[in-house]
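Quick notes on the structure that follows.
Taken together, the values in this text are just the output of simple stated rules run on the coordinates, not laboratory data. A quick note: this is a predicted structure, and the numbers were derived from the prediction, not measured. For neighbour counting, all protein chains shown are included, and Cβ atoms are generated from backbone atoms with ideal geometry for every residue, glycine included.
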Amino acid sequence: MKLTNVFAVFTAAGLAFATFGQDMSTDAEWLFKRWMDAFMKLQVSGTGAKELDGGFLCPACEWEHGRTPDAVWPLCWMWKRTGDTKYLDAAVKLMRWGRINMERKNGAWINDPNAQWRGITVFGQTALGRTLVAYGNDLPPDMKADWMDCFRKMTDYSYGWIGNPKTQVNVNYRAASPLALEFAYRLLGDEKYRVLGDDQMAIVAKFIADDGLFFGEAAPSHRVSARGFRGVDIGYNVEESLPAMLEWADLRGDKKMMRLFLDSAKAHLAFLLPDGGLDNSFGSRAYKWTYWGSRTSDGMLPMLVYLAKDGVKGAARAAELQLGLYRRCTGENGLLMGGIHYPESGEPACVHHTFCHMKTLPMFIETRLDTEPEGSLVSERPFGLRKFRTNGVSICRVGDWRATFSENDLYFWDYCGKATGGGSLTLLWNADIGPVFAASMSEWWLQEPGSMQQQKLDDVARCLTPRLESVDGSLKSVHDNAVAHEVVENADGSVVAKAKGFLSDKEGARIEDGTGFTLDWTVTKDGVSAKATAMKPSRLVLPVIAGSKDGVQVNGNTATVERNGKKVVLASNRAFELEKTGRPDGRAFSPQTGFLVAYLSIAVQQDEKTELTISVR
């Protein structure tokens, strides 16, 4: 079914936007062109320094990201689609810059000028291989020879690296390697590349759990936590690993693997939200989570295309919603920004999101996927409670409310990722408002400076996870990896999540001398409630998502946030406090998730119960 009303209004996450085309491929083309135009303006030229000319300058990070040569594929696709040689010229200059600055003698490419990680070679190899397979014969002979030389060296490195039994690496690299090796086989003709790709994919298939989740986003990838959980990151899975796995199975004609990967992809649909967002609030690499996915991966549209082709209901609708979310997160300068509130936050857009996500749009545009007349997402239907034992996550949809609870104790980087332990409520979403709470890093840390972003309008990036914490903020419930946690569904359809533990420090050490707490959440069709107790005076922190123009009022025991004509009403038996930040709008901002919040809290008295209700009116 085609979209017939160009100006139809869809309201989600408190924002309204108009659909902008008659079918999704047209929409995607419009978006691709807008991103590409913005991207092209950032290419450096005329300095006379070969180390600078040809790279792309990032407005947010104020440097040239090392992975920008991945854009060779969308640049060349645009060249062939329009016939305009400016795109090919940009690709030539970019690849020259990459070979000068990023390429090493052994064929590896480094992640960034000041970061020596070389695993990302596989992504550059895939982008260049895809370009050469599609357009190699259309390139000038000298250019083709240069790019083939580069591709061959990349392949030699990645073949030895991923094929080495001693290589310990996150599973996304093993998931991506077979596709790059398939391009190597097709371009270089050596059967050994295909054989290694088959071997690697056989290993990767073992990382799909019984509940369908793809795990291994941990160091090492087979790591199991003290609570028996695995490293699962929904953003990496749906935007990077599963799309590569599905495309490999398609190119190889491997129906058995295709079925396995499709079933896993279908299981991940439970984390797509009705406004196009992705729930990765609990991910093992959630320090890169933004509402549409993960900051440095490529996008979920290819995965959704494969699911739609398989007849999975809701897949095409999810693609339509994703495109709408991309548009809402595209700034006035045309770059894709890292979350819903970036366009109004005053923070600049990192170019990483744009050149990565441009890579997935050509396949989607050429597929010409139509919207579904009746397809709906899993998260649009009340389903009660679902538990994922692989990573200790429970999700529920009760009435208009969707909530996520996590007892996860496995993070890729313990220090910066830890924000979802302690039986936390990591996401609360409402059909009328969109996201109400969304977890973020408990301790802000630029562990991967080239892949993260520092805000410019405030010196503090606060934790946005609802939690109990000590008065001085040094001990938090989210740090308690040994918490006793239980989530149950009652006969009346309500869901109750109970956490009992000790406020812990950022290293996860339980300070058991008088720091015990309980924090119980109840989700019903009428609203959400919480009950908290603490052995010492503490505070219940409630960072409610609120844009800079949304109305926020605090009046004693009641706080309201007005968004898009609706109100989130919080009521308690104790008074609310609203913390003003250094930002001009007084909001707290997470450069990780891209959300602005009203930073609310309630004092929790020693051994006295604090109660809270949340409703939407």
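Quantify how much of the Cα-Cα distance distribution of the range 179-338 extends past 22 Å, in percent. List each step's numbers first, then the result.
Values: 5692 of 12720 pairs.
That tail contains 45 percent of the Cα-Cα pairs.
Quick one: grab Rg to one decimal and Dmax as a whole number for the range 369-500, Cα atoms only, in Å.
Spelled out, the Cα radius of gyration and Dmax of the range 369-500 are 16.9, 53 Å.
How much space per residue, in cubic angstrom, does the convex hull of the C-alpha atoms of the chain take up?
Numbers: hull volume 89.0 nm³, N = 617.
Looking at the chain, the number lands at 144 Å³ per residue.
Which distance in Å, rounded to a whole number, links the C-alpha centroids of the range 295-338 and the range 494-560?
Centre-to-centre (Cα) distance: 33 Å.
May I ask for the net charge around Leu519, where only other residues with Cβ less than 9 Å from the Cβ of Leu519 are counted and Lys, Arg are +1 while Asp, Glu are -1? Mind dumping the intermediate values first?
Details: positive: Arg467, Lys498, Lys500, Lys531; negative: Asp520.
Net charge around Leu519: +3.
Once you have the alpha carbon radius of gyration of the range 288-397, what is it after dividing by 2.2 N^0.38 Å, with N set to its residue count?
On the way: Rg = 15.5 Å, N = 110, 2.2 N^0.38 = 13.1 Å.
Expressed relative to 2.2 N^0.38 Å, the Cα Rg reads 1.18.
Binning at 5 angstrom from zero up to the longest distance, how are the C-alpha pair distances of the range 48-152 distributed in percent?
2, 13, 24, 26, 20, 11, 4, 1
Once you compute Rg and the Kirkwood Rh from C-alpha atoms, what is the Rg to Rh ratio for the range 33-98?
On the way: Rg = 11.3 Å, Rh = 11.9 Å.
My calculation puts Rg/Rh at 0.95.
Restricting to DSSP H runs of at least four residues, report the calculated mean residue ellipticity at 222 nm for the chain, -39500 (n - 2.57) per run over all residues, nearest 500 deg cm²/dmol.
Values: 15 runs with 185 residues, N = 617.
It comes out at -9500 deg cm²/dmol, rounded to the nearest 500.
Compute the normalised compactness of the range 407-566: alpha-carbon radius of gyration over 2.2 N^0.38 Å, N being the residue count. Write out the running numbers ahead of the final one.
Details: Rg = 16.4 Å, N = 160, 2.2 N^0.38 = 15.1 Å.
Ratio of Cα Rg to 2.2 N^0.38 Å: 1.09.
Which three lengths, in whole Å and largest first, does the range 102-187 cover when its Cα atoms are put on their principal axes?
Computed over the range 102-187, the largest-to-smallest principal extents equal 39, 27, 16 Å.
Mind jotting down a quarter of the surface of the convex hull over the alpha carbons of the range 178-260, in square nanometres, one decimal? Don't jump to the answer; show the numbers that get you there.
Working: hull surface 23.6 nm².
That works out to 5.9 nm², a quarter of the Cα hull's surface.
Got a sec to turn the phi values of the range 269-274 into Karplus ³J(HN,Hα) couplings, 6.51 cos²θ - 1.76 cosθ + 1.60 with θ = phi - 60°, whole Hz, x for Gly and Pro?
Karplus-based 3J(HN,Hα) across the range 269-274 equals 4, 4, 9, 8, 9, x Hz.
For the range 118-183, run through the trypsin sites (Lys or Arg not before Pro) and keep only the ones in DSSP coil with at most 15 other Cβ atoms within 10 Å of their Cβ.
Numbers: sites: Arg118, Arg130, Lys144, Arg152, Lys153, Lys166, Arg174; in loops: Arg118, Lys166.
Taking the range 118-183 and a limit of 15 other Cβ atoms within 10 Å, the loop trypsin sites (Lys or Arg not before Pro) found are Lys166.
Near the amide H of Val544, under 5 Å away, which other amide H atoms are found, from residues 5 or more places off or on another chain, if H is placed in the peptide plane?
Ala598, Leu600
Report Rg(Cα)/(2.2 N^0.38 Å) for the range 211-258, keeping two decimals.
Details: Rg = 12.8 Å, N = 48, 2.2 N^0.38 = 9.6 Å.
Output field value: 1.34.
What is the Cα convex hull volume of the range 245-334 when expressed per residue in Å³?
Working: hull volume 10.2 nm³, N = 90.
Cα-based convex hull of the range 245-334, divided per residue, equals 113 Å³.
Identify all lysines with a Cα-Cα distance to Lys153 below 25 Å; exclude those on the same chain that are fewer than 8 residues away in sequence.
Straight-distance partners of Lys153: Lys50, Lys93, Lys105, Lys144, Lys166, Lys192, Lys359.
Under the Karplus relation 6.51 cos²θ - 1.76 cosθ + 1.60, θ = phi - 60°, what is the ordered set of whole-Hz ³J(HN,Hα) values for the range 331-344, x standing for Gly and Pro?
Using θ = phi - 60°, the values come out as x, 4, 7, x, 8, 5, 9, x, x, 4, 9, 4, x, 10 Hz.
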